[in-house]
Amino acid sequence: MGSVALLENGATVVERVFPSGILHGQALVPSLQKLFAQQGWLPRGFDAVAVDVGPGSYTGCRVGLSAAKLLANDLSVPIVGISSLVAIAWQAVRQNENAQQKATTVAAVLDARRDRVYGALYAVAGTGVVPLRPPCIAQANAWVRDVTAEIWAGEALAHSPALAGLPERRRAPQETWLPRAGSIALLGRARLARGERDDPYRIEPLYLQPTEAEARFGEAKISREAPR
């Protein structure tokens with residue numbers, strides 16, 4: 001799933017979700033143009049572009065980041081990258097604000113296939129999160145065994161057998177399991193307020209593992225260079 005959103009004065013004005021990842025590349029720019037037209041906004045009035053850098057779908061990360069870099073360059077505005085895992089943890093914290101027993105730690109987990117997860121652990125700090133364990137890729141069984149968190153969030157909860165045994169009280173609501181563009185925008189705004197921004201020429205997707213093409217190229221290179 002992907003999405004785009006417009007933010008003004010710290011509030012999400014409009015957000016559109018793409019349920020089908022295959023269409024992201026075709027839908028992204030036209031959807032932004034449609035949102036501008038619906039709000040009567042001109043792109044030249046923007047102050048910054050925030051973008052999800054991953055981890056997640058390789059194609060989705062590349063398409064989203066490429067579009068964001070082009071837009072930021074065209075508008076001559078800062079670009080700020082936000083990790084999918086930060087956004088998921090932050091969304092879970094926001095949902096937990098009214099709970100009687102507030103969580104102090106949140107684990108964010110995305111499906112990395114082959115019984116693996118992209119995971120990170122965060123401490124709750126007010127209405128935000130701060131990293132305790134940086135994003136990584138790990139075997140799901142090992143991650144569940146090694147990480148202690150009061151709340152778990154992320155779509156890996158729906159796919160990984162290793163996470164199936166987590167009690168319901170430790171699962172964030174399902175609507176927090178995927179990063180939303182509105183959350184990315186709000187977190188990007190917070191980074192800008194702290195004086196942070198990314199180099200538009202150096203910001204890259206957070207893959208956490210080689211792409212399939214890179215892995216195949218590496219195997220082919222090793223095969224060619226192997227002694228006979």
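The values are calculated or read from the model by the stated rules, or taken from the named source; none is laboratory data. Since the model is a prediction, treat every value here as computed from it, not as a measurement. Glycine gets a Cβ as well: all are built from the backbone with ideal geometry, and neighbour counts include every protein chain shown.
Go through region 63-99 and count every residue that is assigned to a helix (DSSP H, G or I), buried (at least 22 other Cβ atoms within 10 Å of the Cβ) and among the aliphatic types (A, V, I, L, M).
Filtering region 63-99 for residues assigned to a helix (DSSP H, G or I) gives 63-75, 84-96.
Now narrow it down to the ones that are buried (at least 22 other Cβ atoms within 10 Å of the Cβ): 64, 68, 72, 84-93.
Going one step further and asking which of them are among the aliphatic types (A, V, I, L, M), we end up with 68, 72, 85-89, 92-93.
Residues meeting the conditions: 9.
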*Tally time: how many residues in region 151-183 are part of a loop (DSSP other than H, G, I, E, B), touching a residue at least 12 places away in the same chain (Cβ under 8 Å) and among the hydrophobic types (A, V, I, L, M, F, W, C)?*
4
*Is it true that some residue in region 198-206 is in contact with a Phe, Trp or Tyr (Cβ under 8 Å, 6 or more places away or on another chain) and assigned to a loop (DSSP other than H, G, I, E, B)?*
yes
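When the residues of region 35-62 are filtered to those that are assigned to a helix (DSSP H, G or I) and of a type in the set (A, V, I, L, M), which remaining residue is farthest from V117 (Cα to Cα)? Before you say what the answer is, go through the steps one by one.
Applying the first criterion (assigned to a helix (DSSP H, G or I)) to region 35-62 yields 35-39, 43-45, 58-62.
Narrowing further to those that are of a type in the set (A, V, I, L, M): 35, 37.
On the way: L35: 34, A37: 39 Å.
Here the answer is A37.
Give region 109-123 a look and list any residue that's part of a strand (DSSP E or B) and free of Cβ contacts under 8 Å to residues at least 60 places away in the same chain, or say none. Talk me through it step by step, then tell me what you get.
Residues of region 109-123 that are part of a strand (DSSP E or B), as a first pass: 109-113, 116-123.
Listed by number, the residues that qualify are V109, L110, D111, R113, R116, V117, G119, A120, L121, Y122, A123.
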*Confirm whether A68 is assigned by TED's automatic domain parsing to the domain that holds A149, among the small types (G, A, S) and touching a strand residue (DSSP E or B) at 6+ places or on another chain (Cβ under 7 Å).*
no
*Which residue out of V106, V130, V80 is in contact (Cβ under 8 Å) with a residue 60 or more places away in the chain and farther than 30 Å from L32 by Cα?*
V106
